[in-house]
Structure formats: structure tokens, C-alpha cells
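Below: one structure, written as C-alpha cells.
The values are calculated or read from the model by the stated rules, or taken from the named source; none is laboratory data. As the structure is a prediction and not an experimental result, all values here were calculated from the model. Backbone-built Cβ (ideal geometry, glycine too); neighbour counts: all protein chains shown. Ligands, DNA and RNA are excluded from the accessible area calculation, which covers all protein heavy atoms including side chains. Shrake-Rupley method; radii C 1.70, N 1.55, O 1.52, S 1.80 Å.
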Amino acid sequence: MQSDAQLSTASLNDKADWDAYSLTHESTTAYHKYAWLEAVEHAYGHKPLGVIARHPKTQKVVGLFPAVFMKTPFWGKQICALPYCDVGYGIADNAEVLQDMQHFLHTKMANAGCRKLEIRQAESTPPGQDIQAGHKVRMLLSLPESSDTLMASFKSKLRSQIRKAEKNGLTVTLGKTPELLKHFYRVYAVNMRDLGSPVHALGWFESVLAAYDENCIVSVVYKGDMPVGAGLVIINGNNASIPWASTLREFNKLAPNMLLYWSLLAHCADSGIDTFDFGRSSFEEGTYKFKKQWGAVPQPLNWQSLGADNKKLGSDTSPSTSKFRPLMESIWRKLPLEFTIKAGAYVRPYISL
């Protein structure tokens, strides 16, 4: 069954209406804000293909579907909803509008000769007890009305770990200044190199901060004058997500990650945020357990790739079986930091993860 909604590719002229609708939908995320599409285009030049659906008579927005058209060397063209983050599904007044918007994107994909349409769904129902070990989930925490209430809800062990970081002489600063962003980036770049993964360019984060403006916050943890932990949170209404958080491994014994996450959780709770998205983790593995201790609960991710025939090419959220990835990561870890930063600037725009 089709809806009678009018569909079009969203532009800056639709931004205000887009953001207003994204604030009201129960399934919205920080990535559904139009700012994400703006940052992708400004930093990397990929064309936004967000779909906006309007009522034919009132022109009221009844759905939106954020997506990006990407040209990747050697891999061809694709439409991704959404690159560089965990989720990018459509939201709408009803299932018919949602189906129409996805069909609209698939038609765009076919006309442009794309090899796939990737949709990063999150399961709408609460997870059961049958999540496969290693399956990708995002971890969501419901926040109370204040940081004091949040701290009181933690177990004594968690509170003591936060205090441990402070007793170890660590301090934390929140803000959006260029200097703070550079400190964030240095920690992020070192951590990603040590993980064996290419980094985004500094310009990407500058674009995110510019696009999200007051709906973005950076936190940096210091040992003296040295940045040892850093994170960046984006906000859309009552929803906050932390796409990037890093610490320097040699300082992990001082618990900078505990102070980092506490500073951002406290800031969000005191700012009226209802839901904090810790981001993607593998079920029952290390980062999953770290996020779970804060009270976060898993929501299974279901990333699907659709081919030209509209058939599923497979899921990208099951445990990885690649034999080459460990070798590539091992090589990357041994490269000089400045080289990985320069190399990342060239390759990272074409890696949608």
C-alpha cells in the first residue's frame, strides 16, 4: 500500500522543517538532525540525498530519511544511510510513508547506477535473550533529571572509579574552542592508530562542530597539561550520542575514561537530555561491558544492504569473519602517527563505517 505523501530530496530550504520533525519523532537520534548531512557534504563533498515527505495538502512533514550518495574508488557508487555513524534509518508518521521513502531512495540508486543501498537500522523492539555473541548493538542509557540523581543511581564501585580518576590528579574541561578540539583530535588520532584504524581528518570534526553548533560538546581529560582522554557528543532535542571517545593507553591505569564519560553524562543530564547513546559495541565483549556498567541497555543493530534488484545483499552487524583485517590492523599500528593522519585524510572519506 502506498501513501499519498509528496517526496523530494531535501535541501537547505527544508532544514528548519526537517529538524522540527526530527525533534518530535519517538525514534529519532542525534544523527537525524540535518547537521549530519551538512557536515558530510562540507568535510568530504559527498552529496546529501535525504528524503523529506510532506502531506500533499498541508505540506506538513510526515517523514524523513537521511542518506548520502558516495562515490568510492574501486568500489563504485552507493547510497548510505548513514555514513560514519551507527544508525541512519527513516522515521515517519506511518509504515506506508516509510516504505515510500525507501523506494524513493532505491529508485535514486538504480538511476545513478549504484551498487547498493545501505540502511543502518536499529531494532524497534526490546532485545530478547537470544542476541548472538559478537552481534553489533548500540548501548542506550535513560538519564534522570540531574547529574546528582544519576551519580546516586550508580553502584559504589562505579562511583569509586570516577573518584579514582580525580584522586589520580586528572582534570576535565568541556567546551567547543578550537584549542579543545585540537586536544581532542590528538588523543583520537593516537588511539585510532593504536587500534589499527584510519582516522578522520581534523576538518571533519570542525565541520561537525560547525554544523551542530550549540548542539555539540567536547570533553578533554588532562594529566597536568597533557590531554589523555577526549570525547565528542552531538545532540538532537532530548537525544545525545557520543560517536567518538578515546584515551591514551599508557594513562589508562589512571582511569581517564571514567572521568571522561562521567563529565559528558553529567553535562547531558543537567541539560535535560533523556537518552544517551553510548554507540556501537559487540554484544558481551569489552566495550559492551564497559558501557553496561553505567546502566546502558543494548539495542540490536540491523544494517542491511540492498542490491539493484531490491534484494538483501546481507547483514553487516554479525560477527566479523575477515581473515585480512587483523593483518591490516597490525601493519597500521606500526606506522608513524603523522603518516596515519595524512593517510587517513585521503582514505577515510571513502570508508563509510
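Here are a few things to note about the model shown:
Here's the yes/no breakdown for (1) in contact with a Cys (Cβ under 9 Å, 6 or more places away or on another chain); (2) closer than 25 Å to Pro83 by Cβ; (3) among the aromatic types (Phe, Trp, Tyr):
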site	(1), (2), (3)
Asn236	no, yes, no
Ser241	yes, yes, no
Arg249	no, no, no
His267	no, no, no
Gly272	no, no, no
Glu285	no, yes, no
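- Qualifying residue in region 109-118 (condition: among the charged types (D, E, K, R), modelled with pLDDT under 95 and either out of contact with any Gly (no Cβ under 7 Å at 6 or more places or on another chain) or assigned to a loop (DSSP other than H, G, I, E, B) (or both)): yes
- Scanning region 2-26 for residues that are surrounded by fewer than 14 Cβ atoms within 10 Å (Cβ to Cβ), charged (D, E, K, R) and under 14 Å from Asn239 (Cα atoms) gives a single hit, Glu26.
- Residue in region 88-107 that is among the aromatic types (Phe, Trp, Tyr), open to solvent by less than 40 Å² (accessible area, probe 1.4 Å) and at pLDDT 95 or above present: yes
- Residue list for region 135-153, restricted to those being assigned to a loop (DSSP other than H, G, I, E, B), in contact with a helix residue (DSSP H, G or I) (Cβ under 8 Å, 6 or more places away or on another chain) and open to solvent by less than 60 Å² (accessible area, probe 1.4 Å): Leu143, Pro144, Ser146
- Restricted to region 245-258, and to residues there that are of a type outside the set (S, T, N, Q) and in contact (Cβ under 8 Å) with a residue 60 or more places away in the chain, the residue that is nearest to Lys291 (Cα to Cα) is Met258.
- Unmet criterion (only one of (1) in a helix (DSSP H, G or I); (2) open to solvent by 20 Å² or more (accessible area, probe 1.4 Å); (3) in contact with a strand residue (DSSP E or B) (Cβ under 9 Å, 6 or more places away or on another chain); (4) of a type outside the set (Phe, Trp, Tyr)) for Val187: (2)
- Among the residues making up region 72-87, those that are in contact (Cβ under 8 Å) with a residue 40 or more places away in the chain and open to solvent by 60 Å² or more (accessible area, probe 1.4 Å) are Pro73, Trp75.
- Checking the stated criteria, Leu98 turns out not to satisfy the condition of being in contact with a Lys or Arg (Cβ under 9 Å, 6 or more places away or on another chain) and closer than 21 Å to Ile52 by Cα.
- Options Tyr261, Tyr212: the member that is hydroxyl-bearing (Ser, Thr, Tyr), over 17 Å from Phe290 (Cα atoms) and open to solvent by less than 30 Å² (accessible area, probe 1.4 Å): Tyr212
- Conditions (1) buried (at least 23 other Cβ atoms within 10 Å of the Cβ); (2) in contact (Cβ under 8 Å) with a residue 40 or more places away in the chain; (3) not small (Gly, Ala, Ser): number failed by Val68: (2)
- In region 5-18, the residues that are in contact with a helix residue (DSSP H, G or I) (Cβ under 9 Å, 6 or more places away or on another chain) and not in a helix (DSSP H, G or I): Ala5, Leu7, Ser8, Thr9, Ala10
- So Leu195, is it in contact (Cβ under 8 Å) with a residue 24 or more places away in the chain, open to solvent by 40 Å² or more (accessible area, probe 1.4 Å) and closer than 30 Å to Leu335 by Cα: yes
- Among the criteria (1) within 24 Å of Gly295 (Cα to Cα); (2) open to solvent by 20 Å² or more (accessible area, probe 1.4 Å); (3) not hydroxyl-bearing (Ser, Thr, Tyr), the one Ile162 does not fulfil is (2).
- Condition met for Val51 (under 21 Å from Ser11 (Cβ atoms) and without any contact (Cβ under 8 Å) to a residue 40 or more places away in the chain): no
- Scanning region 83-110 for residues that are within 21 Å of Val40 (Cβ to Cβ) and over 19 Å from the mean Cα position of the chain (by Cα) yields Met101, Gln102, Phe104, Leu105, His106, Lys108, Met109.
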